[in-house]
Amino acid sequence: MSQWVRKGLATGIKTTCYPGREETAPGVSPGLPLGGDYPEKQASELVKRCTVGALSFQNHKLVVDYRRCVHCYRCIRGVTLPIAWQQGYEWATDTNIIETRKKFVRAFDRSLNIIVVDTGDCGACLNEVRQLNNPYYNMHRLGFFITPTPREADVLLIVGPLTDHMREPLRKVYDAIPMPKWVIAVGACALSGGVFSPSFVCDENISEFLPVDVEVPGQPPPPLAILHALLVVAGLKPPASLITQSVSLKHEEVKKQ
Amino acid sequence: MTLDNIQEIAIRHWPDIKPRLDLSHSLCEMECELEDIPDVCKWLSLEMHYVFAGLIVEEGSSDWELRYVFYSDHEPGWIYILTHQPLSDPAFPSISGFLHAADWHEREAEDLFGLYFAGHPRLGDFVLHNERWQEKLRPMLHSFDGKKSVEHRMPDLEWKPNLIVKAPGAFGMTIGPKFSGVTEPVHFLLETVGEDVIRTIPRLFYKYRAIEKIAERLTTESTLLLAERFAATTAFAHSLAFVQSIENICGIKVPERAQVLRVLLAELERLRHHVGAVQEICESTALAVATSQAAIMEEELLRLSGWFTGHRYLFGLAVPGGLNKEFDDSVCHEAVQQAKAILKRFDRLEEMLRVSSSFLDRLEEVGIVNQLEAMKHGLVGPVARASGITRDLRKVQPYSGYEAYTFEVPCEQEGDGYARLRVLFEEARQSVKIMEQATASLPGGPVFSEVRIKPGSALGWVEAPRGAAFHWLRIGEDGRVSRYRLITPSFVNWHGFHVAAENFAFQDFPIILATFDLSVAENDR
């Protein structure tokens, strides 16, 4: 068995320099479209291309609803004037910054136990959560641990749109976590239902079902974005300000489009 | 035997059959009388050795149309057995008595459409769990509005699982839907006598998102998003199957460069998936260094995909008529070089695993599926190939120009966990071999040709990393989707999972599950 010990040592350290420094390796993040000032003609073409309703043109500005963006790349590929694209991965946003911080940050002094619940995820977000344990991200070094039992958990991490069959199990997990607790919703599906909503099996967002503290957009958000969310919970990183509440479209409006 | 021979024999046996031969698509449709269906299916599968791909149910304006899809194991050739029945009389003979692979197809059709299959021993409570949904709710009917929420029934607090094992000390152990660390929701009922598990009953569809229902009335563009995202660890394979069904309907010839690039991307995805599957197997045996080594490679392949295509899971690439993105030749060469370098280390990992006796002890003779059981359940993909079924759609029903590549389909006979692991390693090697051939002969030209959506219906198929996947699409007169049927490898392999999980020691359960390489998202749809 000594071959494994030697192999492990010979591999050396692979771990990312984040959060100390910025991670710049290619392919760590798919990036996100960037809203802002666009000529009206270009903006209206982009809005039309976006079948999920993530783009809208408001007050002469192109607004991106990051809760709805599903990385279909239709606003950047196959258009005459593509949208600007931002790299980066610090996407996690706090839904109720002041209150939640006051209440919880001191309670979880840096070490977090996380329970992961999949409520209908396509597998990509879940796989990205799984990557957090691999040597590249190695979240143990930051004091983050995945736990199988809700009684030990501080953080409930939810991936996927809320399917009907998973409502009861999710409720039970949430109730079993002792107070104080945080809820992180990961991925566009968890934030808005993504392409699967509205329907008779996914008719409610996670945030309508449970109080969500931190939201991570992206489909799937890369491991670093999920790591950023955990760092936000632990009070080690400030949240990003990607999502503006006012542009978030409700189901009905999307349905009409 | 060619399709016209088969058609001749069929007409000799059953003079009522109305055949329609379409040799340009290697396709033969046979319209049968309702009472002939079991005999025709039996003859086709047991005597002609055609493989059952799936059952497609469509609700027409005045009648039900049931389409039993079969394909040949040796040569390009598809046979659809068709039958019609008025909407008012949804009763059909069951074929799962002799063709066990049709079992779950019939249960699904019963649960979602309200069809009745005479002779099927176990109908009801399948996709829609009985404790949540009202009886007689048939969401796949056109009259059901899939966007509106429905009223649920009150939970039955008295409900207890029905246990079959009766022995002193026997009890049922339930696992899930939320269990262990980072897992997909699925429920297992293990019937045990102490440490020994006698049988395992998986209960699925916790992630049922009604993809087939919400695709109805959508444009093909929006449906493509669904096809890509319902099982995103194999997103490219499924989006490819979907766009191929559109291309088959519209009779589009995809530019050669796009075809080669599609092969390149599909094999990159297969490589990444197999590395991830090996990582899970190592993790299930708690071999920490090997787990880390495989995880490093998986992350590197994800980063390679991200750098190469913009997205770590290859989203937003396949579109009807080609690809959405142009790739430089030099970038393709660079990607393949990187994949080759990773494969070299993957090979080294296999060498090391093969001499780790503690690891092999956990895998060998664990979760055995013999060839007969694998055939009976119609298993697909690496799982079937580990049980002696050398079947691969890339070889038997080539698409996207796979006939031009030289590669081997690995096959093992033992059908245990170790055989499945070896198949994964060998397939990863073959994938890189195909990627090399693809970049060596990269033709020039465009990667996209314009598609005008036409009404019609067709099947698209791919050999996804987990096995054969079929996407049936019907486009209505208005250019929108009127029926989208997904037959996925995990749906088939979950059906056969209980064979591997019988009479074993409880500590082997995670290993059997990991070597079976199942996706709940792909099954639940």
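Per-structure values
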quantity: Kirkwood hydrodynamic radius over Cα pairs of the range B:3-118, then Stokes diffusion coefficient at 10 °C and 1.306 mPa s, in µm²/s; calculated: 111
quantity: Values of log10 I(q)/I(0), in the order q = 0.19 Å⁻¹, for the range A:93-243 under a Debye, Cα-only, solvent-free model; calculated: -1.17
quantity: Per-residue mean of C-beta atoms belonging to partner chains within 10 Å, peptide B:516-524; calculated: 2
quantity: Protection proxy ranking of B:209-216, B:144-151, A:7-14 - average other beta-carbon atoms within 10 Å, highest first; calculated: B:209-216, B:144-151, A:7-14
quantity: Accessible surface of B:ASP156 - all protein chains present, 1.4 Å probe, nearest 10 Å²; calculated: 90
quantity: Amide H contacts under 5 Å for B:ILE198, placed H, 5+ residues apart; calculated: B:GLU191, B:THR192, B:VAL193, B:ASN503
quantity: Loop GluC sites (Glu not before Pro), the range B:1-49 (other Cβ atoms within 10 Å of the site Cβ: 15 or fewer; DSSP); calculated: B:GLU33
quantity: Local electrostatic count, B:TRP64, Cβ distance below 11 Å [Lys/Arg +1, Asp/Glu -1]; calculated: -4
quantity: Subset of A:LYS48/B:LYS147; B:LYS42/B:LYS147; A:LYS14/B:LYS344 violating a 30 Å alpha-carbon distance limit; calculated: B:LYS42/B:LYS147
quantity: Ratio Rg/Rh, restricted to the range B:211-524 and using Cα atoms, in which Rh is the Kirkwood radius; calculated: 0.97
quantity: Helical segments meeting 30 Å axial Cα length and Kyte-Doolittle -1.0 threshold in chain A (DSSP H); calculated: none
quantity: Cleavage-rule hits (chymotrypsin sites (Phe, Trp or Tyr not before Pro)) in the range B:57-115: DSSP loop, at most 15 neighbouring Cβ within 10 angstrom; calculated: B:PHE98
quantity: Dmax and Rg, reported as Rg then Dmax, of the range B:405-520 (C-alpha, Å); calculated: 19.5, 57
quantity: Nearest-0.05 FRET efficiency for B:ARG348 and B:GLU403, computed from C-beta distance (R0 45 Å); calculated: 0.90
quantity: In nm, spacing of pseudo-spin labels at B:SER61 and A:GLU40 (7 Å Cα→C-beta vector); calculated: 4.4
quantity: P(r), alpha carbons of the range A:1-86 - 10 Å bins starting at zero, rounded %; calculated: 15, 35, 18, 14, 10, 7, 1
quantity: Pairwise label distance in nanometres, A:LYS14 with B:GLN134, each label 7 Å out on the Cα-Cβ vector; calculated: 5.3
quantity: Amide H contacts under 5 Å for A:LEU112, placed H, 5+ residues apart; calculated: A:PHE144, A:PHE145
quantity: Value of relative contact order over chain A, rounded to a whole percent, pairs C-alpha under 8 Å and six or more apart; calculated: 25
quantity: Net length gained if the chain between B:GLN337 and B:LEU141 were fully extended (0.36 nm per residue, minus Cα distance); calculated: 65.5 nm
quantity: Partner chain coverage, peptide A:67-78 - average Cβ within 10 angstrom; calculated: 5
quantity: Protection proxy ranking, peptides B:500-507, A:218-225, average beta carbon neighbours within 10 Å, highest first; calculated: A:218-225, B:500-507
quantity: Formal net charge of residues neighbouring B:GLN430 (Cβ-Cβ distance under 12 Å; K, R +1; D, E -1); calculated: -1
quantity: Share of carbon and sulfur in the accessible heavy-atom surface of the protein assembly as shown [1.4 Å probe, %]; calculated: 52
quantity: Surrounding net charge for B:VAL278, when Lys and Arg each add one and Asp and Glu each subtract one, Cβ distance under 9 Å; calculated: -3
quantity: Of the GluC sites (Glu not before Pro) in the range B:240-329, those whose Cβ has at most 16 other Cβ within 10 Å and which sit in DSSP loop; calculated: B:GLU326
quantity: Within 10 Å of each Cβ in B:220-231, the average number of Cβ atoms from other chains; calculated: 4
quantity: Solvent exposure of chain B as accessible area per residue, Å², 1.4 Å probe; calculated: 36
quantity: Cα convex hull of the protein assembly as shown - mean projected area over all directions, nm²; calculated: 32.6
quantity: Projected-area mean, chain B, by convex hull of Cα positions, square nanometres; calculated: 24.3
quantity: DSSP beta bridge pairing in the protein assembly as shown, given as percent antiparallel to the nearest 5; calculated: 75
quantity: Under 18 Å from the Cα of B:LYS178 - lysines, other chains or at least 8 residues apart; calculated: A:LYS172, B:LYS207
quantity: Heavy-atom accessible area ranking, 1.4 Å probe, most first, across A:GLU128, B:GLU403; calculated: B:GLU403, A:GLU128
quantity: Rounded to 5, the percent of DSSP beta bridges in chain A classed as antiparallel; calculated: 40
quantity: Sequence-distant residues sharing a close amide H with B:TRP64 (under 5 Å, placed H); calculated: B:GLN85, B:LEU87
quantity: Note, ³J(HN,Hα) from phi for the range B:384-394, Karplus 6.51, -1.76, 1.60, rounded to Hz, x at Gly and Pro; calculated: 5, 5, 7, 10, x, 10, 7, 9, 8, 4, 5
quantity: Gain upon complete extension [B:ASN162, B:ALA440; 0.36 nm per residue less C-alpha separation]; calculated: 94.3 nm
quantity: Size of the B/A contact, given as accessible area buried on both chains, probe 1.4 Å, in Å²; calculated: 5800
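The values are calculated or read from the model by the stated rules, or taken from the named source; none is laboratory data. For clarity, every value in this text was computed on a predicted model and none was experimentally measured. Because the Cβ atoms are built from the backbone with ideal geometry, glycine has one as well, and the counts that use them run over all protein chains shown. These area figures cover heavy atoms from the full protein model, side chains too; ligands, DNA and RNA do not enter into them. Shrake-Rupley method; radii C 1.70, N 1.55, O 1.52, S 1.80 Å.
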